[in-house]
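The structure appears below as structure tokens.
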Amino acid sequence: MKQTIVKTVALGSLITFGLFNAQSKPKVVLDHYFNNEGRENKETKALESWHYTWNDTTNGGFSLLGEIFQKEGAEITTLTKAPSKKDLQNADIYIIVDPDTDKEAYGGKANLVDTKTIKNLEKWVNNGGILVLLSNDNGNSEFAYFNKLAEKFGIHFNDDSINRLKGREFEKGAVYVQPGNEVFSERKLYMKEVSTITAKSPAKPFLYAQNQVIGAIARAGKGTVFALGDPWCYNEYIDGKKLTEDFSNNEGTGEWVKWLLKQIPVK
């Protein structure tokens, strides 16, 4: 797929991947502070950031997701610090995915979701922000502090793991979307090793696997919170190279992106 990124501009801790004259575009901000994983560069041996980022074109990256957002007219950016009120003024959608444990974090010390961040995000959502919370399963994500944020909206990630599989046992990772789903059309998605969710008001379940809740949506003030127990839309499972043809993660991701953009209040 041809890369559609035209320009990269660094503004302090806010890195903007967007197009010229993009002021009117919906702004999608991806956290790279609570998720800040590092690995050794095979060539230089230096430690580098990676995983669930817009510019990561490897299997674990979000480069294809970023292209889908751009195709739908959005500007994608990355925030490399905890979101301030000012930062959130420049965001229509803010995404936190797979918050780190110390074992995963760049430099060996995780940045945990703190009280100030929770207050900023809670107010921002009530004023019309769209917050996306994508967890991971037990052993692969931080839960205690992430849940302090999620629980403000009636959502609790259960720190467990379902849809477990080995190798190419793809069917064990199947999630069947039923008719009438708010986000997706009736289809078969692939999500492996997923945390289940407990949802209470104002959150409502919208997606299930093995008869357990794995996705929930909450309305708060003018805004919306979308929560899912897996960072399911990374390159490996939407590029069409690995999954069998009966799975439709790429098409499902497109539906999800359009749904998120439609949740942005008209200004």
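Summarising the strand pairing of the chain, around 65 percent of its internal DSSP beta bridges are antiparallel. Taking 21 Å as the limit for the C-alpha separation, the pairs Lys103/Lys242; Lys81/Lys123; Lys27/Lys86; Lys27/Lys71 exceed it in the case of Lys103/Lys242.
For the chain, the 222 nm mean residue ellipticity estimated from helices alone, with every DSSP H stretch of n ≥ 4 adding -39500 (n - 2.57) and the total spread over all residues, rounds to -5000 deg cm²/dmol.
The aspartates and glutamates whose alpha-carbon is closer than 17 Å to the alpha-carbon of Lys192, local same-chain residues fewer than 8 away aside, are Asp98, Asp137, Asp159, Asp160, Glu169, Glu171, Asp230, Glu236, Asp239, Glu245, Asp246. Taken as Cα centroids, the stretch 231-245 and the stretch 34-67 sit 17 Å apart, rounded to the nearest whole angstrom. Here the stretch 153-211 and the stretch 71-97 have alpha carbon centers that stand 25 Å from each other. Straight-line cross-link reach from Lys267 at under 15 Å between alpha-carbon atoms covers these aspartates and glutamates, not counting any fewer than eight positions away in the same chain: Asp92.
Quick one: with all protein chains in place, what share of the accessible area of the stretch 35-193 is carbon or sulfur, to the nearest percent (1.4 Å probe)? For the stretch 35-193, the apolar C and S fraction of the accessible surface comes to 45 percent. For the chain, the solvent-accessible area with a 1.4 angstrom probe is 48 square angstrom per residue.
The values are calculated or read from the model by the stated rules, or taken from the named source; none is laboratory data. Here the structure is a predicted model, which means the values were calculated and not measured. With ligands, DNA and RNA removed, areas are computed over all heavy atoms of the protein, side chains included. Shrake-Rupley method; radii C 1.70, N 1.55, O 1.52, S 1.80 Å.
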